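Q: I have a structure I would like to understand better, so I am pasting it below and will then ask my questions one at a time.
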Amino acid sequence: MNDSTTYQLHSNGNYWTAQWIDSRGHRRRKSLGSKAKLSHKQATSKLQSIIADHAKTPLLADLNEHSTIAAWVSRYLDLRSVELDEATIKIHTRTGDLLLEYFNPSLRLDHLTIRGAEDWRLWLSTDKGMAEATVCKHVRTCKVLFNKAVTAKLIGENPFASLNGSAPIKQVFDRRVVSEGDVRAFIKASPRLGTLVALGYFTGLRLSEARHLRWSEIAWEENKLTVVPRSGKVTTKQRLREVRIEKDLMDYLLAQREKSESEFVCGLDTAINVSAQNRGNTCRRIGIARFTMQTLRQTRDTIWHQVYPSYIVCAWLGHSEQVARRNYLSIPDDAYSHRAATTKPGSQDPGSVAEFQMGATGLEPVRADTDKPQDLGGSQ
């Protein structure tokens, strides 16, 4: 601590007040209690405790008495609004709401303890009934939120730093590989959602990436598309990258472009309901196992890893090899076949792009009597 920092005990009417100069030369004050309940000796003892705390954690001397959880959450969201996209801000706002719901909004930041943070995490699981993955998401956000407070020198340490924020890892054997048949059946049953599902299955695009993909971002001659961060904001899940387009998907997109009236590939201006519930209802209606954009992404990661080097696949999908192994790669059912060890990876995979194509009404199997694709327009 700065040697010029001085501490004094002041009599402020009916109250005792501690006063000191912080590292920036600003005067700080803290009420110690009323004189009716606190003698001069007791007030002096409390002042000595403050001096000892500041000596142990110098940053505490710079705390403003009005640095409350409510004030910091509001300030934090203002700071991050120019750095994060709208969807991420909503998540951080929700975490802030949960903090203010559990803790007294007027609680000072330096009074928030590790025990309090642990109790808050437990409250999310028990009282709020949140799944462990959701709890971990809010814990990770809290770590970022309070790390920012440490950087701003509002607190000396992050009370959420030691909390577990790693979501449970689904075992590789439990990750589903979506079959070509299920994808084909879905696209045929729900043409309006067909392009979204086709992008998810063939390119592994995340839901938001597929929804916001523009026709202008497809390089037709180069067999690739470009994922562009929305609003120009780069995040861990939003960064500029190029993605391979398989021939079957390319043929399908060419046909879709001819009749599209939107700048977006999925036609967002037609107000398509892309909710998971709506997609789940379609799966249930046609009698197939429910899949999500996440399971389509896992499937594509698995298929591509059987054909291309890992570093290429991860570049296309926009995540690290570590993330791929921890969250995406699956084991196809045919990996247990006796012929799997002697067959070129991916060539006979049930979800392989080589075994089916996009037709006018959706995915259609390649006919066994020819290697040529059927007409997209369905002409005879």
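The values are calculated or read from the model by the stated rules, or taken from the named source; none is laboratory data. Note that this is a predicted model, so its numbers are computed, not measured. Cβ placement follows ideal geometry from the backbone for every residue including glycine, while neighbour counts extend to all protein chains displayed. We work out accessible area using only protein heavy atoms, side chains counted, and drop any ligands, DNA or RNA first. Shrake-Rupley method; radii C 1.70, N 1.55, O 1.52, S 1.80 Å.
Q: Which of (1) touching a residue at least 60 places away in the same chain (Cβ under 8 Å); (2) open to solvent by 30 Å² or more (accessible area, probe 1.4 Å); (3) farther than 30 Å from L253 by Cβ is the odd one out, the single condition L145 does not satisfy?
A: Checking L145 against (1) touching a residue at least 60 places away in the same chain (Cβ under 8 Å); (2) open to solvent by 30 Å² or more (accessible area, probe 1.4 Å); (3) farther than 30 Å from L253 by Cβ, the one that fails is (2).
Q: May I pose another question? Just name the residue that is surrounded by the fewest Cβ atoms within 10 Å (Cβ to Cβ) out of those in the stretch 307-327 that are at pLDDT 85 or above, part of a loop (DSSP other than H, G, I, E, B) and not hydrophobic (A, V, I, L, M, F, W, C).
A: Here the answer is P309.
Q: Something else about it: Which of the residues that make up the stretch 77-87 are touching a helix residue (DSSP H, G or I) at 6+ places or on another chain (Cβ under 8 Å) and closer than 17 Å to N147 by Cβ?
A: Of everything in the stretch 77-87, those that are touching a helix residue (DSSP H, G or I) at 6+ places or on another chain (Cβ under 8 Å) and closer than 17 Å to N147 by Cβ turn out to be L77, L79, R80, L84.
Q: Oh, and also: List pairs: first residue in the stretch 26-49 and among the polar types (S, T, N, Q), second residue open to solvent by 40 Å² or more (accessible area, probe 1.4 Å) and not in a helix (DSSP H, G or I) anywhere in the structure, Cβ distance under 7 angstrom, at least six positions apart or on different chains.
A: Matching pairs, first to second residue: S31/Y15; S34/N14; S34/Y15; T44/L9.
Q: For the condition open to solvent by less than 40 Å² (accessible area, probe 1.4 Å) and at pLDDT below 90, what is the one hit in G200, G194, G204?
A: Only one candidate qualifies: G194.
Q: Moving on to the next point. Working only within the stretch 215-226, note down all residues that are assigned to a helix (DSSP H, G or I) and among the hydroxyl-bearing types (S, T, Y).
A: S216
Q: In the stretch 117-134, which residues are open to solvent by less than 30 Å² (accessible area, probe 1.4 Å) and closer than 11 Å to L163 by Cα?
A: A117, W120
Q: Further question on the same structure: In the stretch 92-110, what count of residues is obtained for those that are in a helix (DSSP H, G or I) and in contact with a helix residue (DSSP H, G or I) (Cβ under 7 Å, 6 or more places away or on another chain)?
A: 10
Q: Can you find a residue that is among the basic types (K, R), modelled with pLDDT under 85, out of contact with any Gly (no Cβ under 6 Å at 6 or more places or on another chain) and not in a strand (DSSP E or B) anywhere in the stretch 81-91?
A: Within the stretch 81-91, the subset among the basic types (K, R) is 90.
With the extra rule that they be modelled with pLDDT under 85, the set shrinks to none.
Among the residues of the stretch 81-91, not one is among the basic types (K, R), modelled with pLDDT under 85, out of contact with any Gly (no Cβ under 6 Å at 6 or more places or on another chain) and not in a strand (DSSP E or B), which makes the answer no.
Q: Give the stretch 67-80 a look and list any residue that's in contact (Cβ under 8 Å) with a residue 60 or more places away in the chain, within 23 Å of E118 (Cα to Cα) and assigned to a helix (DSSP H, G or I), or say none.
A: Listed by number, the residues that qualify are W72, V73, Y76.
Q: A further question on this structure: Could you list all residues from the stretch 283-306 that are out of contact with any Phe, Trp or Tyr (no Cβ under 6 Å at 6 or more places or on another chain), assigned to a helix (DSSP H, G or I) and open to solvent by less than 50 Å² (accessible area, probe 1.4 Å)?
A: C283, M293, T295, R297, T299, R300, T302, I303, W304, H305, listed by residue number.
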